[in-house]
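Some notes on the structure that comes next.
Just so it is clear, none of the values below were taken in a lab; they were calculated from the coordinates. Because the structure is a prediction, the values reported are computed rather than measured. In this analysis, Cβ positions are derived from the backbone assuming ideal geometry, glycine residues included, and neighbour counts consider all displayed protein chains.
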Amino acid sequence: MGLFGEFKDFFFEDVVTVISAKQGRLSIFSVPGFDSLFLDVDFGYVRDFQVNKTANLDEGYLLSALKNVVLSREGSFEFSSLDSEVIDKRLSIPLVTLVLETVRGVDELEAYYDDLPHPETRFILQDGADLHAMAGDDRSYFELGQDLLLKGTNAIELAERSGIPEIHLRYYLYRWNLLGLVQTLRLHKKIGHFGNKGPLIVAPANPVVTNKKSRRVQIPRKGNLGQPVHQQSDSKVKGPFDVTGLNLDDVLDNLAQFIRKS
């Protein structure tokens, strides 16, 4: 039986729960940061994947793509059954582990977003950095741009090199800096509170009401990651003076002062 829908209506975690006991391919389309993601699953395990129809990629690409799915709540999905002999057994990643790592990564991005470096801030490899201490997606991302870090680079250049969304590389540069693996080569002044990329998670002008119980703040967004959606204020427009919290005498005094000034 086929399964399809849009992520504005379904949480990624719920989709994975449904397909965890099945064998087939989960196809994801039109998510900010990539055009397509194909995930071959085999009774609770990820056996192979392709991002933008490119195969044999490091697992870091998969985590990066799935973080975009959870962050943006955009795009569509379709699950279709496949026979066991058709599925390439290149990988053996438990689906539950994949979901936990994806959610953990999203939570960290949201928690540290205000502290992330500007996309144009340049970093260089720290002398004596212990690269052997790195593991997991840290090491995967680092190896993709190690030659650039030797001479100095930024998140924009690393994104162009790797195809990984810029926001994730800003996060890892921040992590590596804290770990003493890289040091700042040249700062770039932020524009406004969030730099020139806008807040990572912002409230929509017209929130979608759902009867689903969210396990975290899930916000439908427009545009690519980092583009702000302008929020309408819920507060009432104040007049020439604010009477909130004042008693009658205070209100009359304020009104008299306003009349005299007019």
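Numbers at a glance
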| read-out | value |
| --- | --- |
| Listed peptides 112-118, 92-98 by packing density, highest first (mean Cβ within 10 Å) | 112-118, 92-98 |
| Cα lying deepest toward the dipole's positive end in the stretch 68-193, options Gly180, Val69, Thr102, charges on Cβ | Gly180 |
| Neighbour cut-off at most 15 other Cβ (10 Å), DSSP loop, chymotrypsin sites (Phe, Trp or Tyr not before Pro), the stretch 39-78 | Phe43 |
| Solution diffusion estimate, µm²/s, Stokes-Einstein, the stretch 1-95, Kirkwood Rh from C-alpha pairs, 25 °C, viscosity 0.890 mPa s | 187 µm²/s |
| Net charge of neighbours whose Cβ lies under 15 Å from the Cβ of Phe4, counting Lys and Arg as +1 and Asp and Glu as -1 | -1 |
| Local electrostatic count, Ser92, Cβ distance below 13 Å [Lys/Arg +1, Asp/Glu -1] | -2 |
| Set of the stretch 85-99 residues, backbone N closer than 19 Å to the point 7 Å along the Cα-Cβ line of Phe38 | 85-93 |
| Virtual spin-label span in nm between Asp114 and Lys89, 7 Å along Cα→Cβ | 5.0 nm |
| Electrostatic dipole magnitude of the stretch 92-194 [Cβ: Lys, Arg +1; Asp, Glu -1; Cα centre; debye, to 20] | 320 debye |
| Ranked by how many other beta carbons lie within 10 Å on average, peptides 168-174, 148-154, 52-58 from highest | 168-174, 148-154, 52-58 |
